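The values are calculated or read from the model by the stated rules, or taken from the named source; none is laboratory data. These numbers were taken from a predicted model, which means no experiment stands behind them. Here Cβ is always computed from backbone atoms with ideal geometry, including for glycine, and neighbour counts include all displayed protein chains.
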Amino acid sequence: MISVSQLTKAYGPVLAVDHISFEVPKGQIVGFLGPNGAGKSTTIRMLSCYLPPTSGGATVNGFDIFHESGKVRENLGYLPESCPLYTEMKAREYLDYRGRLRKMPRDERRKRIEYVIDRCYLTRFADRVIGHLSKGQRQRVGLADALLHNPAVLILDEPTVGLDPTQIIEVRRLIKDLGGDHTVMLSTHILPEVEAVCDRAIIIAGGRVVAQGSPDELRASRRMQARVLVECKAAPDAVRSALGAVAGVRDVEILDGHPGHAPADADGFVTAAVRSEESRDVREEVARTVTQNRWPLREIRLEQATLEEFFVRVTAAQATQAVGA
Amino acid sequence: MTRAPTIARREISGYFYSPIAYVALTVFLLAAGFFFQRDFEPGQPAGLRNVFDQMVWALVFVVPILCMGLMAQEWAAGTVETLFTAPVGETDVVLGKFLGATGFFAVLLAPTLLYVVLLRLYSRLDFGPIVAGYLGLVLVGALFVSVGLFCSSLTRSQVVAAVATVAVLFVITIAPYLLQQNASQLSARWRTVTEYGVYNRYVDFSKGVVDSGHVVFFLAVTAVFLFLTVKVLEARRWK
């Protein structure tokens with residue numbers, strides 16, 4: 001469980017993190033999303049007690065990050081952004097050193113090292129020098145280190161960067177398995193990752209939380225509704241006015257030149273994007289209108305908003321606001 | 001504080017993986033061997049005066065090489081982030097790294113014990129000055145390491161750290177010695193300053209004199225640099 005309230009970090013006059021507040025309940029996996037420079041890593045560094053906040057505060061596993069930073073760090077597994085490791089050490093040796101730093105008793109340390117080596121698919125590389133490992137293998141050494149002391153809270157900064165597709169799937173499965181017992185906060189650029197792994201996403205931009213909720217909630221949020229795509233052969237203006245008159249339709253947009261959509265003048269087909277009022281399926285009405293007008297119809301389908309679009313929209317809105325302010 | 005030995009252990013084993021340490025070891029032993037050859041001659045008093053007296057000059061260049069990476073490498077590689085997000089304090093880190101580097105310095109000294117064995121074979125040896133000389137070397141080494149650690153904590157660049165360390169060691173060791181060679185031209189005040197130089201205090205040890213004032217001087221200056229290093233590491237949080 002992580003609880004953040006009014007957390008702020010200023011670098012001189014620049015607010016890298018601007019009074020953000022959020023909660024991560026116990027056992028939840030939360031995706032922390034944002035464009036580069038949004039303040040993700042700064043927030044994570046404050047939560048991991050590497051940087052102190054300028055103002056505001058947070059608790060990790062019930063301990064205050066400022067006043068009880070030792071306790072926080074004992075209960076936290078942390079994988080930093082670039083996954084820094086001592087390249088001259090062997091993987092197993094490194095994990096042993098980290099276990100000693102955490103004062104793990106010898107037997108427990110050995111048992112946990114074997115466990116995390118197995119869990120992070122490191123068995124074949126455990127006795128190799130870290131400097132000779134690939135980016136993905138190093139990433140897993142970092143992950144093994146974060147898991148070593150079986151922490152209640154895990155904070156992972158871009159855990160799947162540099163992994164190949166199979167490894168990505170394996171690591172995501174691993175993270176998903178960790179949810180429930182562990183509270184996990186992972187930062188990422190990769191939106192499908194959030195949809196695949198996370199119970200909830202927190203999107204930040206310009207140092208502020210701009211949206212949060214489950215991936216479904218975000219997709220369904222009012223700003224990003226699903227739209228109906230209609231491809232038929234007719235004059236664009238006629239399509240616009242006929243479909244605009246259908247009950248429940250809010251607006252009609254004629255798409256042309258979009259990838260995947262034939263331009264209107266090539267074979268006479270146009271693609272119209274129909275947005276309806278909230279939670280109303282207008283496909284039947286739209287189809288009826290098209291057939292009544294005897295327009296040849298190629299396709300009619302409901303397009304779900306992707307999380308990508310939502311992400312671009314909320315972060316762009318934040319950027320515009322920042323420029324205006 | 002209890003985590004310092006773990007960190008020290010890692011530093012010492014880290015040295016054996018890095019080519020830099022072998023370079024330092026080679027330079028050190030070459031210099032030591034060269035000085036010893038002058039001690040190891042018929043007619044010379046049986047002792048290691050030459051080795052001990054001249055060794056300090058070599059240390060001004062060898063110790064910075066040993067210490068340049070101590071913190072600079074952590075900054076550059078970003079490993080400092082994993083270090084301080086484990087439940088480890090600044091004092092643990094500074095003491096651990098100090099003990100590690102000083103420990104490796106002791107390893108560096110170990111082969112010179114062979115000289116003692118050689119001298120013993122050919123002469124009746126007075127062990128007093130030898131023990132005092134080694135004590136002096138270890139004290140000077142520890143002081144130099146603390147300076148090196150301090151400089152290394154200030155920068156991400158190992159080269160900058162090494163050059164800065166040599167500069168500081170020059171000022172506290174070589175410069176006072178050089179000034180003293182022209183003592184007659186110095187004002188009384190400057191003469192006093194040069195007498196406080198590291199070399200002046202150190203030669204007493206190689207003569208076999210263990211002056212508690214000198215011991216306290218070396219330990220105190222070492223402690224000051226370690227304290228400053230702790231402060232530098234703490235200051236990272238207020239940037």
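Within segment A:6-15, restricting attention to residues that are assigned to a strand (DSSP E or B) and surrounded by fewer than 22 Cβ atoms within 10 Å (Cβ to Cβ), the residue that is farthest from the other protein chains (Cβ to nearest Cβ) is A:Gln6.
Here A:Gly162 passes the criteria (1) on the phi > 0 side of the Ramachandran plot; (2) in a helix (DSSP H, G or I); (3) among the small types (Gly, Ala, Ser) except the one numbered (2).
Which residues, taken from segment A:55-85, are assigned to a loop (DSSP other than H, G, I, E, B) and within 10 Å of chain B (Cβ to nearest Cβ)? Across segment A:55-85, the qualifying residues are A:Asn75, A:Pro80, A:Glu81, A:Ser82, A:Cys83, A:Pro84, A:Leu85.
Filtered by the rule that a residue be more than 7 Å from every other protein chain (Cβ to nearest Cβ), assigned to a helix (DSSP H, G or I) and either aromatic (Phe, Trp, Tyr) or free of Cβ contacts under 8 Å to residues at least 24 places away in the same chain (or both), segment A:86-108 gives A:Glu93, A:Tyr94, A:Asp96, A:Arg106, A:Asp107, A:Glu108.
Being at pLDDT 85 or above, buried (at least 21 other Cβ atoms within 10 Å of the Cβ) and touching a Phe, Trp or Tyr at 6+ places or on another chain (Cβ under 7 Å), is that true of even one residue in segment A:240-252? No, the conditions are met nowhere in segment A:240-252. The set of residues in segment A:143-155 that are surrounded by fewer than 23 Cβ atoms within 10 Å (Cβ to Cβ) and either in a helix (DSSP H, G or I) or charged (D, E, K, R) (or both) contains only A:Leu147.
Checking each residue in segment B:63-89 for being part of a helix (DSSP H, G or I) and away from chain A (no Cβ under 12 Å) picks out B:Val63, B:Pro64, B:Ile65, B:Leu66, B:Cys67, B:Leu70, B:Met71, B:Ala72. Being surrounded by fewer than 20 Cβ atoms within 10 Å (Cβ to Cβ) and part of a loop (DSSP other than H, G, I, E, B): is that true of A:Glu114 here? Judged against the criteria, A:Glu114 is not a match.
When only residues in segment A:44-57 that are touching a Lys or Arg at 6+ places or on another chain (Cβ under 8 Å) and among the hydroxyl-bearing types (Ser, Thr, Tyr) count, which is nearest to A:Glu68 (Cα to Cα)?
A:Ser48
Taking (1) out of contact with any Cys (no Cβ under 7 Å at 6 or more places or on another chain); (2) within 24 Å of A:Ser82 (Cα to Cα) in turn, A:Phe63 satisfies each apart from (2).
Looking across B:Val27, B:Val60, one residue alone is under 16 Å from the mean Cα position of the chain (by Cα), surrounded by fewer than 19 Cβ atoms within 10 Å (Cβ to Cβ), more than 12 Å from chain A (Cβ to nearest Cβ) and touching a residue at least 24 places away in the same chain (Cβ under 8 Å). It is B:Val27.
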